[in-house]
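All of the numbers you see were taken from the coordinates with simple rules; none came from a lab. Note that the coordinates shown come from a computational prediction; the quantities given were computed from them, not determined experimentally. Cβ coordinates were reconstructed from backbone atoms using ideal geometry, including for glycine residues, and neighbour counts include every protein chain displayed.
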């Protein structure tokens, strides 16, 4: 493996990762933590080796997406917990792609969890812990200068393409991609997919049993959280 760039000062710490500068202003190192949070950090805990598993799964998913023409911030995995990424100016409109009713959509609209949507829907949420990440219209993002209309068009198309690639890949491994959150950012003016793709940011259900294989096991106190993450890593690694 190539020599890892030197990790300099930490400039950001989120709920699941720490970001460190490197000597190259275009590159950062993401360190994946074992901390588990839910409901915008109102519930906290630890999932043993979560950071290791999420780093590995994110590497696999980003590599898959890059191979299918979707540009991401991923450069390479450096170690069990560290990933080298292109530095992004994050667009504060988180993108959620839904194939099946679950989570906040079920509560917000009074729909039964598990209802299959007639077509995939893309939603946007303002990235603000203080406001509990409220649902927004795309027009809000344009109006308040978070993104241009052209950038949102690009993000929408990329999100649907990610859904197509991941859904097909996971279906072959007996997993239903229920919904997932994406973050996008600008890198020298180009929109790239950032953040991570893992059981923290996606809802994965077993195709045969509908067993949850994601962070809902932590959110809802379903037990065997580590087992679900290990099972997802096993499936996507094959």
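Using a/c under 1.5 as the rounded threshold, could you call the chain rounded, prolate or oblate? The axes a ≥ b ≥ c are square roots of the C-alpha gyration tensor eigenvalues, and prolate needs a/b larger than b/c, oblate otherwise. The shape class here is rounded. Per-residue packing, averaged as other Cβ atoms within 10 Å, sorts the ranges 110-118, 75-83, 122-130, 26-34 into the order 26-34, 75-83, 122-130, 110-118, beginning with the highest.
Place a point 7 Å from the Cα of residue 104 along the Cα-to-Cβ direction; which residues of the range 174-193 have their backbone N under 19 Å from it? 178-185, by backbone N distance to the label point.
Roughly speaking, what % of Cα-Cα pairs in the range 10-86 are separated by over 16 Å, rounded to a whole number? Cα-Cα pairs in the range 10-86 separated by more than 16 Å: 54 percent.
PRE reach from residue 76 (point 7 Å along Cα→Cβ): which of the range 1-35 fall under 19 Å by backbone N? Answer for the range 1-35: 1-8, 20-32.
By the Stokes-Einstein formula, at 0.692 mPa s and 37 °C, the range 168-238 with its Kirkwood radius over alpha-carbon pairs has D equal to 251 µm²/s.
The three principal axes of the Cα atoms in the range 89-223 give end-to-end lengths of 43, 31, 28 Å, sorted in falling order.
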